[in-house]
Amino acid sequence: MKQFAVLGLGRFGTSLALSLMSMGNQVLGIDVDEERVNLLADELTHAVIVDMTDGASLKALGLGNMDAVLVCTGDVQTSIMTTVLLKDMGVKKVICKANDDLHERILLKVGADQVVFPERDMGQRLAYAVAQSSVIEYIELSKEYSLAEVRVLQEWKGKTLIEANIRAKYGLNVVAIRRQGGIMVSPRGDVAMEAEDVLVVIGKNSDISALG
């Protein structure tokens, strides 16, 4: 069981905290807004009213013992100050929400270990879902590469991975196949693809987009 702290219990922070709880983790929710904290008091392991820019108060919560601390406030100045305080007190992993590229660069410079863009990422996922019938889900790994779940194309059905030659023809590496509730990791080349399979692939964003 892992321990996480979520700082900022707006829509994104609340969703994240509840999701982590549903996965069996211990979650400490922190916000300066009493109403937000009270709403989650019975849903999280602990929920406390604290100004996240108050270093002494944060330190008293023992955040240095957490597996990760997630800074989810939408306020740019608050997120930057909080990140500095968390790294100064020795928090092992600080993950921050950013509003734009400049915000991301500043967060990384002051010590954030990882930066996410919830609104941008959700917009990109929705665009894929609407515009590309073959792509079910994708996660951007970098500005150039993504991990995606794709449906088996008509021309792949019944063929083995070797016969379909997906790497050479499409520039994609198949890392797993989801089939009937199970998953085959690093599938062999002689595995034949079935109509209802979902392939987990890694490749350039442009190559994934080309699947249509």
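One table, with the values for the structure above:
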item: Residue match in the stretch 190-200 (condition: in contact with a Leu (Cβ under 8 Å, 6 or more places away or on another chain), assigned to a loop (DSSP other than H, G, I, E, B), at pLDDT 95 or above and among the charged types (D, E, K, R)); result: yes
item: Subset of the stretch 137-168 (residues that are touching a residue at least 40 places away in the same chain (Cβ under 8 Å) and under 19 Å from Ile183 (Cα atoms)); result: Tyr138, Leu147, Ala148, Glu149, Val150, Arg151, Val152, Leu153
item: In the stretch 184-212, residue surrounded by the most Cβ atoms within 10 Å (Cβ to Cβ) [restricted to those that are closer than 17 Å to Arg151 by Cβ and of a type in the set (D, E, K, R)]; result: Asp197
item: Qualifying residue in the stretch 145-156 (condition: in the same structural domain as Ser133 (by TED's automatic domain parsing), of a type in the set (S, T, N, Q), crowded, with 16+ Cβ neighbours inside 10 Å and part of a helix (DSSP H, G or I)); result: no
item: Conditions (1) within 18 Å of the chain's Cα centre (by Cα); (2) exposed (fewer than 14 other Cβ atoms within 10 Å of the Cβ); (3) modelled with pLDDT of 95 or more: number failed by Lys93; result: (2)
item: Odd one out for Gly181, checked against (1) loosely packed, with under 15 Cβ neighbours inside 10 Å; (2) touching a residue at least 40 places away in the same chain (Cβ under 8 Å); result: (2)
item: One residue from Leu147, Leu141 being at pLDDT below 95 and in contact with a Phe, Trp or Tyr (Cβ under 7 Å, 6 or more places away or on another chain); result: Leu147
item: Residue within the stretch 31-52 that is closer than 17 Å to Ala112 by Cα and not hydroxyl-bearing (Ser, Thr, Tyr) present; result: yes
item: Residues (surrounded by fewer than 21 Cβ atoms within 10 Å (Cβ to Cβ) and touching a residue at least 24 places away in the same chain (Cβ under 8 Å)) located in the stretch 45-79; result: Thr45, Thr53, Gly55, Lys59, Leu61, Gly64, Asn65, Asp67, Ala68, Gly74, Val76, Thr78
item: Residues within the stretch 163-178 that are surrounded by 13 or more Cβ atoms within 10 Å (Cβ to Cβ) and part of a helix (DSSP H, G or I), tallied; result: 5
item: Residue list for the stretch 41-54, restricted to those being under 15 Å from Asn25 (Cα atoms), of a type in the set (A, V, I, L, M) and not in a loop (DSSP other than H, G, I, E, B); result: Ala47
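The values are calculated or read from the model by the stated rules, or taken from the named source; none is laboratory data. Since this is a predicted model, take the numbers as computed values, not measurements. In this analysis, Cβ positions are derived from the backbone assuming ideal geometry, glycine residues included, and neighbour counts consider all displayed protein chains.
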